[in-house]
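Please treat every number below as a calculation from the coordinates, not as lab data. This one's a predicted model, so the numbers in the text were calculated from it and none came from an experiment.
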Amino acid sequence: MNIGKTAEELLTLEGRVAIITGGASGIGLGTAKRLAEFGARVSVIDINEDNGARAVREIESAGGTAIFFRCDVRSATECRKAVEKTAQAFGRIDILFNNAGIAIRKNAVDLEPEEWDLALDVSLRGQYLMAKYAIPHMKKAGGGSIINTGSGWSLKGGADALSYCAMKGGTLNMTRAMCIDHGRDNIRVNTVCPGDIDTPMLKSECEQLGGVYDEKYKAECSARPIARLGTPEDVANVVLFLAGNMSTWISGAHIIVDGGGIA
């Protein structure tokens with residue numbers, strides 16, 4: 001008896017094209033590799049050209065298909081060009097993982113106005129710009145999936161992280177608004193909310209706060225019900241789920257990936 005899609009049909013991303021911002025390292029790189037592993041052709045978007053080229057080599061050496069475009073997501077011109085070049089290279093756009101971000105660990109008194117602007121421009125403005133230019137291509141393709149990277153701090157406050165909490169809280173509600181606006185075009189928009197993930201960004205946060213990114217610090221970050229640091233692959237698996245055929249009626253939602261940290 002045919003009860004729907006087969007396991008292979010539910011899992012595959014064959015024929016789909018994914019754009020991943022911040023795709024040259026950390027969560028973005030882990031997700032680029034995972035989506036390529038399941039058949040997507042991947043456009044890696046980042047400001048780091050060396051890491052971007054390395055990401056493409058790693059994906060291709062594993063049998064995937066990838067391309068890299070340098071793009072500062074604060075720039076409308078660069079975002080538009082990155083999206084258009086991706087569509088020209090691969091013929092369509094189905095998935096957008098809005099992952100580029102920056103963490104500046106300061107409170108309101110210590111944070112400089114230009115740092116506030118930088119933080120919100122990289123995250124919120126970048127997510128908006130990439131969606132602005134990708135959505136028309138998704139409409140042409142008959143639909144798509146946008147996944148925005150939030151945080152556990154999309155849902156609660158944190159110390160010495162004013163701009164980070166502001167932008168991640170904004171991401172969550174921006175996701176809901178985009179879900180409402182574009183659902184009629186079969187475009188789903190969701191947020192993935194990671195906790196502490198073992199990435200260069202977490203190392204940077206540690207050092208900004210005067211710490212040392214050693215095993216002691218990692219153990220402190222692991223004080224949660226599932227007692228370990230997260231990995232980029234933990235987040236990538238959730239993005240895979242939200243990008244594919246197992247989540248076709250999920251939109252406007254957020255999934256917390258933090259080992260139970262804010263439970």
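For the chain, find the longest principal axis of its Cα atoms and tell me its angle to the long axis of helix 76-90, 0 to 90°, nearest 10. That helix lies at roughly 40 degrees to the long axis. Per-residue ellipticity at 222 nm from helix content only, as computed over the chain with -39500 (n - 2.57) for each DSSP H run of at least four residues, stands at -14000 deg cm²/dmol.
Helix 162-182 and the longest principal axis of the C-alpha atoms of the chain enclose an angle of approximately 20°.
Residues in region 138-148 carry Karplus couplings, in order, of 5, 4, 4, 7, x, x, x, 9, 10, 10, 9 Hz; the curve used is 6.51 cos²θ - 1.76 cosθ + 1.60 with θ = phi - 60°, and Gly or Pro positions show x. GNM on the chain, alpha-carbon springs under 10 angstrom: the most fluctuating residue among 99, 173, 148 is 173.
Over region 1-111, all Cα pairs binned in 10 Å intervals from 0 give whole-percent P(r) values of 15, 42, 25, 12, 5, 1, 0, listed from short to long. The Cα center of region 1-72 and the Cα center of region 113-130 differ in position by 24 Å. Amide H contacts under 5 Å for residue 257: 193, 195, restricted to partners 5 or more places along the chain or on a different chain, H placed in the peptide plane at 1.01 Å from N.
Over the Cα atoms of region 89-205, each weighted equally, I'd like the Debye log10 I(q)/I(0) at q = 0.16, 0.19, 0.22 Å⁻¹, rounded to two decimals. Debye intensities relative to I(0), on a log10 scale: -0.75, -0.96, -1.17.
Which of the residue pairs 85/139; 156/218; 81/203; 81/132; 106/203; 5/85 have a Cα-Cα distance greater than 24 Å in the structure shown? Where the Cα-Cα span goes over 24 Å, the pairs concerned are 81/203; 5/85. At q = 0.13 Å⁻¹, what log₁₀ I(q)/I(0) does region 133-263 have when each alpha carbon counts as one equal point scatterer in the Debye sum? Each listed q corresponds, in turn, to -0.60. Computed over every Cα-Cα pair of region 1-51 and binned at 10 Å starting from 0, the pair-distance distribution P(r) comes out as 26, 41, 21, 9, 3, 0 percent.
Nearest 10 degrees, 0 to 90: what angle lies between the long axis of helix 26-37 and the longest principal axis of the chain (Cα atoms)? Rounded to the nearest ten degrees, it is 20.
For the chain, the alpha carbon positions stretch 55, 45, 39 Å along the principal axes, listed from largest to smallest. Would you work out if region 38-98 is rounded, prolate or oblate? Take a ≥ b ≥ c from the square roots of the eigenvalues of the alpha-carbon gyration tensor; rounded if a/c is under 1.5, else prolate when a/b is larger than b/c, oblate otherwise. Since a/c reaches 1.5 but b/c is at least a/b, the shape of region 38-98 is classed as oblate.
Which shape class, rounded, prolate or oblate, goes with region 67-139 when its Cα gyration tensor gives a ≥ b ≥ c as root eigenvalues, a/c under 1.5 marks rounded, and past that a/b bigger than b/c marks prolate? Could the numbers behind the result be given before it?
Numbers: a/c = 3.02, a/b = 2.74, b/c = 1.10.
Prolate.
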